[in-house]
Amino acid sequence: MASPRFAIYFVPGADTALYKFGASVLGYDCYAGASIARMQAGEVAEADWATLTAEPRAYGFHATLKAPFRLRDEFAEADLLGEMQASATALSNIVTFEPAVELIGGFVAVVPRNSAPGLDRLAAQCVQSFDRFRAPMTTDEKARRTAAGLSAAQTENLERWGYPYVLDEFRFHMTLTGRIAPDRRTAVHAFLREAFGRACGFHPIALDRLVLAKQDFGTPFRVVGQVPLHAN
């Protein structure tokens with residue numbers, strides 16, 4: 001059986017309107033590690049909506065700060081969580097951003113409305129600070145990443161950090177759907193933007209914690225630890 005994968009995420013607090021919205025869109029609660037009732041999806045049929053959200057459901061509602069990886073043999077889950085706790089004060093303090101719901105790369109996500117260098121800086125710190133825990137990619141994992149085509153910079157990131165979309169290639173986002181057929185994107189985007197506004201309002205979001213997420217073989221990611229970040 002394959003070893004588990006870990007990732008370092010931002011996941012909003014389980015009791016926040018933002019998290020409840022995102023989890024209900026995906027139909028999965030990564031805190032509980034369980035399926036939940038999916039939000040009413042307007043004119044989109046339930047089965048169709050399940051298909052539209054199948055890919056992000058496996059990861060839970062989150063923003064990636066360090067992409068999924070397997071641990072080196074000399075480390076255990078407790079070592080990684082302990083390092084996160086020890087490093088929290090050295091990482092960027094709480095960053096706040098104004099959200100927007102946008103289409104990016106053919107899927108819908110919650111993103112910062114304006115440039116957010118604090119988010120980029122925090123993600124870069126996570127990529128670099130916790131990389132010593134990451135086992136090298138397998139040949140199959142590397143092949144899957146390169147199959148879709150990567151730029152020279154993305155290929156260099158993949159070789160060095162195990163993931164193409166880091167550092168200058170990083171864009172903070174909280175995914176709500178998988179890739180949508182071009183003729184449906186406008187309608188699904190509009191529905192989710194309006195639903196987000198009703199459920200959450202477009203109020204500033206505070207990235208106030210790091211979350212350790214774990215994926216055992218054949219299961220979605222679930223939260224196994226949280227580390228609070230601190231305001232100045």
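The values are calculated or read from the model by the stated rules, or taken from the named source; none is laboratory data. These figures come from a predicted structure and were not determined experimentally. When we count neighbours, we look across all protein chains shown, and the Cβ atoms used for this are built from the backbone with ideal geometry, even at glycine.
Could you tell me whether Thr64 is under 18 Å from the mean Cα position of the chain (by Cα), buried (at least 17 other Cβ atoms within 10 Å of the Cβ), β-branched (Val, Ile, Thr) and closer than 26 Å to Thr139 by Cα? Can you show your working first?
On the way: under 18 Å from the mean Cα position of the chain (by Cα): yes; buried (at least 17 other Cβ atoms within 10 Å of the Cβ): yes; β-branched (Val, Ile, Thr): yes; closer than 26 Å to Thr139 by Cα: yes.
So Thr64 passes the test.
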### Task
Assess whether Asn157 counts as being surrounded by 12 or more Cβ atoms within 10 Å (Cβ to Cβ) and modelled with pLDDT under 95.
yes
### Task
Using the structure shown, decide if Thr177 is part of a strand (DSSP E or B), of a type in the set (S, T, N, Q), touching a helix residue (DSSP H, G or I) at 6+ places or on another chain (Cβ under 9 Å) and within 19 Å of Ala63 (Cα to Cα).
no
### Message
Being under 19 Å from the mean Cα position of the chain (by Cα) and loosely packed, with under 12 Cβ neighbours inside 10 Å narrows it down to one residue among Gly201, Gly225, Gly218; which is it?
### Response
Gly218
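Could you tell me whether any residue of segment 216-227 is under 26 Å from Ala76 (Cα atoms), of a type in the set (A, V, I, L, M, F, W, C) and in contact with a Gly (Cβ under 8 Å, 6 or more places away or on another chain)? Walk me through how you get there before you give the answer.
Here is the first cut: in segment 216-227, the residues under 26 Å from Ala76 (Cα atoms) are 216-227.
Keeping just the survivors that are of a type in the set (A, V, I, L, M, F, W, C) gives 217, 221, 223-224, 227.
Imposing the further condition that a residue be in contact with a Gly (Cβ under 8 Å, 6 or more places away or on another chain) reduces the set to 221, 223.
Scanning segment 216-227 turns up at least one residue that is under 26 Å from Ala76 (Cα atoms), of a type in the set (A, V, I, L, M, F, W, C) and in contact with a Gly (Cβ under 8 Å, 6 or more places away or on another chain).
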#### Entry: Residue among Leu207, Leu176 that is among the aliphatic types (A, V, I, L, M), farther than 17 Å from Ile8 by Cβ and surrounded by 18 or more Cβ atoms within 10 Å (Cβ to Cβ)
Leu176
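Against the condition in a helix (DSSP H, G or I), modelled with pLDDT of 95 or more and of a type in the set (Ser, Thr, Tyr), how does Tyr19 come out, does it pass?
Details: in a helix (DSSP H, G or I): yes; modelled with pLDDT of 95 or more: yes; of a type in the set (Ser, Thr, Tyr): yes.
In short, yes.
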### Task
For segment 97-107, state whether one or more residues are at pLDDT below 95, more than 17 Å from Val223 (Cα to Cα) and more than 17 Å from the chain's Cα centre (by Cα).
no
### Conditions (1) more than 17 Å from Gln226 (Cβ to Cβ); (2) charged (D, E, K, R); (3) surrounded by 15 or more Cβ atoms within 10 Å (Cβ to Cβ): number failed by Glu83
(1)
